[in-house]
Amino acid sequence: MRLILLGPPGAGKGTQAQRLVQKHGIVQLSTGDMLRAAVAAGTPVGLRAKSIMEAGQLVPDEVVVAIIADRIDQEDCKRGFVLDGFPRTVPQAQALDRLLAERGLKLDGVIELKVDEGILLKRIETRVKEMTARGEKLRADDNPEVLKGRLAAYRAQTAPLTQHYAGLDQLKTVDGMAPIDAVTAAIDRLLSAAAKAKPARRKPKSAKKPTKKRAKKPARRSSRQSRSKTRKSVHKPARPARAKNRAGKRKAGRRRRLTKAR
């Protein structure tokens, strides 16, 4: 099972990705995690990404796609994976399409978690107030202004992906504002329906071997018929012409002697 989760920051993609991992035994692939792992492993692509990041530049798409290519070739991805945070742009999606096609793989679905941005902003404002009242440290992304910037970037760069995957008939939509369990149940229903809709693979019909026509055996003859034929076929050899003349002369000589004696 190979999936992509789409949705703006705060839509709950990470939570749903973890539930898919637990239920289906697949791997969650996060771009940030893959980049860090490639850099730590010192792979050729990882070293290239490291030099780019140390220079304070954005890692180009071809490097990110190369890292994903290395990752999905690993053994734990054979059962499938769910991509969280990638692709972010249409060119990245097109590069991913080519990558999967080269390996003879296809996506089983692209699931978009639709949310209301206004409600997301109110949620984070409430969370910031509650954490501040408890004296807890705030994370960098626990900030309404930061979230506004991330939402604007999502609308400009990532939202067009919905049209891309809708055109490929791969996009499924879920109400991301529903409770977490309800969102999980909705995703399960979509995946089950997609699995049932897939045409069952037919076993190729084995070509029938041409049957050789057996030559008809001659009918058995009775013993009497066989004996009569053998008798007819057995005949005395013809005497030569000289032997016949001699025998005739002898018979004629005997007849003369008999007539004289009388």
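The values are calculated or read from the model by the stated rules, or taken from the named source; none is laboratory data. Source: prediction; values computed, not measured. For neighbour counting, all protein chains shown are included, and Cβ atoms are generated from backbone atoms with ideal geometry for every residue, glycine included. To get the accessible areas, we keep the full protein, side chains included, count just its heavy atoms, and leave off ligands, DNA and RNA. Shrake-Rupley method; radii C 1.70, N 1.55, O 1.52, S 1.80 Å.
Evaluate the distance, in nm, between pseudo-label points positioned 7 Å from the Cα of residue 173 and of residue 101 along their respective Cα→Cβ axes.
2.7 nm
Quick check: net charge around residue 174, other residues with Cβ under 13 Å of its Cβ, Lys/Arg +1 and Asp/Glu -1?
My count for the surroundings of residue 174 gives +1.
Once phi is turned into ³J(HN,Hα) by the Karplus curve 6.51 cos²θ - 1.76 cosθ + 1.60 with θ = phi - 60°, what whole-Hz value does each residue of region 162-170 show in order, with x for glycine and proline?
4, 5, 4, 7, 5, x, 8, 6, 10
Roughly how many Å is it from the Cα centre of region 1-72 to that of region 117-135, as a whole number?
28 Å
How much of the accessible area of region 49-190, probe 1.4 Å, is carbon plus sulfur, in whole percent?
51 percent
With every protein chain kept in place and ligands, DNA and RNA left out, what is the accessible area per residue of region 63-126? Probe 1.4 Å, answer in Å².
With all protein chains present, region 63-126 gives 48 Å² per residue.
Which pairs break 20 Å Cα to Cα here: 106/172; 23/196; 148/172; 122/148; 78/114?
148/172; 78/114
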